[in-house]
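> Have a look at this one before I ask anything.
Values in this text are rule-based calculations from the coordinates and carry no lab data. Remember, it's a predicted structure, so these values are computed and weren't measured experimentally. Every residue, glycine as well, gets a Cβ built from its backbone with ideal geometry; the counts of neighbours run over all protein chains shown.
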Amino acid sequence: MIRFGVIGTSWITKEFLRSADIIEDFKLNAVYSRTEERAREFANEYNVENTFTDLDKMAKSDLIDAVYIASPNSYHGKYSILFLKNKKHVFCEKPIASNEYELKQMIAEAKGNNVLLMEGMMSSFLPNFRVIKDNLHKIGKVRRYIGNFCKYSSRYDRYKRGENPNTFNPKFSNGSLMDIGIYCIYPLIQLFGIPNSVKADGVLLESGVDGEGSVLLNYDDMDGIIIHSKITNSAILSEIQGEEGSIIIDNISLLNNIKVVYNDGKEEDVTVEQSKPNMYYEAKEFIELIKAGKTESRINSLEMSRNVMRILEESRKQMGVIYPADKE
């Protein structure tokens with residue numbers, strides 16, 4: 001049994017718990033929140049006895065073996081390092097850190113303390129991502145990848161009213177690229193490796209973060225196009241274009257439907273039915289790695305996280321998005 005603590009009490013933590021709770025070796029054993037009232041309220045919802053409002057005490061506690069971190073992005077590095085130092089396994093939501101400097105420190109602590117560190121990018125483990133890999137050969141030589149994720153955020157309405165929600169606040173290392181653009185970049189790098197060059201542009205809000213943008217990634221014989229936005233919607237699907245056809249992807253983050261469209265117009269639905277909640281597969285990977293004594297995932301590897309982080313950081317640099325975390 002792997003005893004977990006959770007940091008963060010938002011909807012994403014609830015989704016993680018809904019998915020992890022059906023794994024036999026998972027046990028939620030502690031909840032952290034900044035206030036005892038919120039920690040107890042959340043813990044009661046899941047029949048958990050142990051609550052913390054002090055992260056140091058939680059990290060040093062013998063009540064947990066691992067921690068799921070779903071705090072704002074700017075805290076990912078600091079919180080992860082604290083728990084890794086105390087020999088706790090860390091499952092950290094994407095993006096795993098604010099920048100590569102933080103990530104290097106996290107990796108050093110994980111390796112130095114012989115514990116598991118893994119970035120929570122669920123699409124890597126979804127059954128339909130394997131479908132994409134298994135069907136790539138059908139479209140011949142790949143020439144273009146288009147990852148599109150544009151979703152109008154209700155928090156943008158708050159921002160326009162003069163509020164300062166986390167989503168559009170550089171203090172929290174956020175913005176469109178880090179929040180949802182990463183869902184487009186991850187599968188590109190997993191499928192085709194590191195690009196030769198990165199060219200990024202976007203619309204910067206007055207707060208200092210990107211509301212929307214695009215990234216062009218050049219390879220020897222193909223290119224990758226990333227389109228992301230928190231201030232507009234899009235009805236355009238993602239696709240991988242080959243010389244003999246294309247793979248069409250409905251929802252790049254959830255991979256709901258996968259279709260092969262051949263040059264002669266024929267279509268083949270290759271979608272497989274997903275029997276478990278979306279975050280089940282990554283949670284299961286994390287728990288199985290711990291049980292096997294592994295300190296790194298072969299799928300969401302530490303090198304994979306570094307490669308993606310380099311692209312995120314270079315893209316932010318070109319757009320002019322600088323976080324307080326970049327100056328620390």
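> When the Cα centres of the range 196-255 and the range 138-173 are compared, how far apart do they sit, in Å?
The range 196-255 and the range 138-173 have Cα centres separated by 10 Å.
> Step by step: find N for the chain, compute 2.2 N^0.38 Å, then divide the Cα radius of gyration by it. What's the final number?
1.00
> When the distances between all Cα atoms of the range 2-121 are binned every 5 Å from zero, what whole-number percent does each bin get?
Reading the bins upward from 0: 2, 13, 24, 26, 20, 11, 4, 1.
> Sticking with this structure for a sec: With a ≥ b ≥ c taken as the square roots of the eigenvalues of the C-alpha gyration tensor of the range 110-169, please select rounded if a/c is under 1.5 and otherwise prolate if a/b is larger than b/c or oblate if it is not?
Oblate, since a/c reaches 1.5 and b/c is not below a/b.
> In debye, nearest 20, what is the charge dipole magnitude of the range 1-154 about its Cα centre with +1 on Lys and Arg Cβ and -1 on Asp and Glu Cβ, if you could check?
900 debye
> Would you work out the charge dipole size for the chain about its Cα centre, treating the Cβ of every Lys and Arg as +1 and the Cβ of every Asp and Glu as -1, and quote it to the nearest 20 debye?
Around 600 debye, computed over the chain.
> Something else about it: Going by how many other Cβ atoms sit within 10 Å of their own, how do HIS89, HIS76, HIS137 line up, fewest first?
HIS137, HIS89, HIS76
> Quick one: order SER315, SER71, SER123, SER61 by neighbouring beta-carbon count within 10 Å, fewest to most.
Result, fewest neighbours first: SER61, SER71, SER123, SER315.
> Per DSSP H run of at least 4 residues, take -39500 (n - 2.57); add these up for the chain, divide by its residues and hand me the 222 nm value, nearest 500 deg cm²/dmol.
-10000 deg cm²/dmol
> Same structure again: For LEU63 and LYS111 in one chain, what is 0.36 nm times their gap in residues minus the Cα-Cα distance, to one decimal in nm?
Contour length minus Cα-Cα distance gives 15.0 nm.
> Label the range 85-189 by shape, choosing from rounded, prolate and oblate, from the square roots a ≥ b ≥ c of the eigenvalues of the Cα gyration tensor; if a/c is under 1.5 it is rounded, and otherwise prolate applies when a/b is larger than b/c, oblate when it is not.
oblate
> Along Cα→Cβ, 7 Å out, is where each label goes; now give me the distance between the ones at LYS27 and LYS276 in nm to one decimal.
2.0 nm
> If the chain between LYS266 and GLU41 were fully stretched, how many nm would it gain, using 0.36 nm times the residue separation less the Cα-Cα distance?
Result for the pair: 75.6 nm of gain on full extension.
> So for VAL142, VAL261, fewest C-beta neighbours within 10 Å to most, what's the order?
Least to most surrounded, the residues fall as VAL261, VAL142.
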